[in-house]
Amino acid sequence: QAHRLAYLLLQGAMAAGMALLIEVQVFMLEGELWHLSWWLYHFAMLAGFGLAAGSLYWQYRVTGDLGAIVEGLFLRRQVAGIRARDPRAMHALGAAIAAKDTETAGHIERVGDLTVMVGRRIGIGRERMDTLRLAGRLHDVGKLGVPNSILRKPGALTPEEFEVVKRHTTRGWHLAVRSEALAAVAPIIRAHHERMDGRGYPDGLKGDEIPLEARIVAVSDVWDALTCDRPYRRAMTWQAAAAIMAKDAGPHLDPDCVEALFDVLGLPGLSRLSGQTGDEALRRAA
């Protein structure tokens, strides 16, 4: 379950290693000394320990971080708690997301609050507001399991590292869709990095194919990412961030949602703003 939620090779390798060690017990109980089963017993034991130890070594060598395995196990436990409608599980999940990016510990709270304000300005109905609020707070749940060495990298991401980060949308969707309490939030989590021109991820949706709630989360998410300190740059001024968002209203972000955001923040409308697109800032904004 942890492997299916976290989508980490390490989790799968650990599960396979445990399966081999369970098989060892069968060989030990049923086998006879010096027969084929005796040799299989030793081979399975060596393979089981080797797979588990080798996967841990690989995880540490590649990422310098063994915390992902703990996060994967945490996800399994918390999703089980959410399915059982334990309110403590939801609070624990939100706290874990906030702690994942220590330099943006308040990111999910700010995005959650801003998402609700933008949703009200857009005209989201009261019956959909709870889902929108929850989506704003849990949009980055898929980052649990992403190595900190990537999330907190001070420089630009390599293409391979960016592919790892991009998987947080589908990882979060898988986590939410398996829980009745979060099922309505799952499509929003999956689509919050889609672009209006169809060049986003993970599904390449465009325009109205993207759920409105996901478009609202996207503008709130990008705004907070631009105006707060990140490992790869200092926070931008409101004026610089607004210019970037105005430039990308249309190809990247929903113009109506950007306009609603500016109204909420008391900023000038789109027609009065222009600027250069911050490609790396927008690429990393999450």
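The values are calculated or read from the model by the stated rules, or taken from the named source; none is laboratory data. Remember, it's a predicted structure, so these values are computed and weren't measured experimentally. So basically every Cβ, Gly included, is an ideal-geometry build from the backbone, and we count neighbours across all protein chains shown.
Would you be able to say whether some residue in segment 92-110 is of a type in the set (Lys, Arg), assigned to a helix (DSSP H, G or I) and modelled with pLDDT of 80 or more?
Yes, because at least one residue in segment 92-110 is of a type in the set (Lys, Arg), assigned to a helix (DSSP H, G or I) and modelled with pLDDT of 80 or more.
Name every residue in segment 174-205 that is crowded, with 21+ Cβ neighbours inside 10 Å and of a type in the set (A, V, I, L, M, F, W, C), in order of residue number.
Answer for segment 174-205, where residues must be crowded, with 21+ Cβ neighbours inside 10 Å and of a type in the set (A, V, I, L, M, F, W, C): Leu175, Ala176, Leu182, Val185, Ile188, Ile189, Ala191, Met196.
Which numbered condition in (1) within 22 Å of the chain's Cα centre (by Cα); (2) of a type outside the set (A, V, I, L, M); (3) at pLDDT 70 or above is the only one that Thr63 fails?
Tallying (1) within 22 Å of the chain's Cα centre (by Cα); (2) of a type outside the set (A, V, I, L, M); (3) at pLDDT 70 or above, Thr63 fails exactly one: (3).
Do any helices (runs of 4 or more DSSP H) entirely within segment 148-259 hold 1 or more residues that are of a type in the set (Phe, Trp, Tyr) and in contact (Cβ under 8 Å) with a residue 24 or more places away in the chain, and if so, which?
Where helices (runs of 4 or more DSSP H) fall fully within segment 148-259 and carry at least 1 residues being of a type in the set (Phe, Trp, Tyr) and in contact (Cβ under 8 Å) with a residue 24 or more places away in the chain, they are 159-166, 168-177, 212-227, 238-247.
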